[in-house]
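Below: one structure, written as structure tokens.
Just so you know, all these numbers are worked out from the coordinates, no wet-lab data involved. All values derive from a computational prediction rather than experimental measurement. A quick note on method: Cβ atoms are made from the backbone with ideal geometry, for glycine too, and the neighbour counts reach across all protein chains shown.
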Amino acid sequence: SQQGEEDPQALSIQEGENATMNCSYKTSINNLQWYRQNSGRGLVHLILIRSNEREKHSGRLRVTLDTSKKSSSLLITASRAADTASYFCATENNAGNMLTFGGGTRLMVKP
Amino acid sequence: KAGVTQTPRYLIKTRGQQVTLSCSPISGHRSVSWYQQTPGQGLQFLFEYFSETQRNKGNFPGRFSGRQFSNSRSEMNVSTLELGDSALYLCASSFSGQTTGFVGQYFGPGTRLTVT
């Protein structure tokens with residue numbers, strides 16, 4: 001079963017705008033990761049944030065984690081048409097290499 | 001380094017048949033995980049293998065099984081296929097088998113299985 005929910009399920013923005021996606025989860029975690037998937041292909045790992053971290057940056061990506069609220073957000077700044085994809089959050093708990101995914105956010109960036 | 005490869009990429013099978021999917025991890029990666037992706041259930045963890053041993057298992061029936069070879073290549077098998085097994089099956093590999101060293105998984109392109 002899925003760990004939690006992602007919000008919104010779909011997001012449509014113009015190129016250059018920022019995109020924010022939210023993820024909630026249910027159980028305690030070791031880390032939370034964000035992945036991108038283009039058109040039903042394989043997933044690409046974007047960023048990992050550990051449970052003792054609150055914010056992390058990677059290029060145009062900014063991830064926050066609030067373990068008290070069991071939630072995370074992914075911000076993509078200055079979006080590009082090439083950012084059009086589905087974005088998934090995934091949590092890893094103490095069981096090891098077993099990811100539990102959210103339902104995903106479909107992002108469309110219009111040129 | 002070559003990425004994770006999965007074969008075949010597309011497969012059509014008939015209900016009741018069995019199927020074997022193959023995954024070759026990134027060189028040096030010892031952990032291989034399998035996931036099923038469907039429009040209804042999303043991405044769900046099937047199982048993980050590390051050093052030829054199944055270390056984690058998701059909530060799937062016994063018809064779904066897997067194994068890992070000494071070169072870390074992995075196969076998953078689905079017996080007595082059902083229509084609901086139609087899905088994208090994704091394999092992922094990672095370098096570290098330890099939670100503290102986990103840095104993310106590298107996914108293959110997937111095998112799209114259609115059961116008719």
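Brief remarks on what is shown
- Computed from the C-beta positions of A:Ser39 and A:Asn18, the FRET efficiency with R₀ = 30 Å rounds to 0.85.
- Only Cα sites of the protein assembly as shown enter the Debye sum here, all with the same form factor; the resulting log10 I(q)/I(0) across q = 0.14 1/Å is -0.87, listed in q order.
- B:Phe69 versus A:Gln9: modelled label distance in nm, points set 7 Å from Cα along the beta carbon direction: 4.2 nm
- Potential lengthening of the chain between B:Thr116 and B:Thr80 amounts to 11.7 nm, from the contour at 0.36 nm per residue minus the alpha-carbon distance.
- Peptide B:83-90, shielding by other chains (average Cβ, 10 Å cutoff): 1
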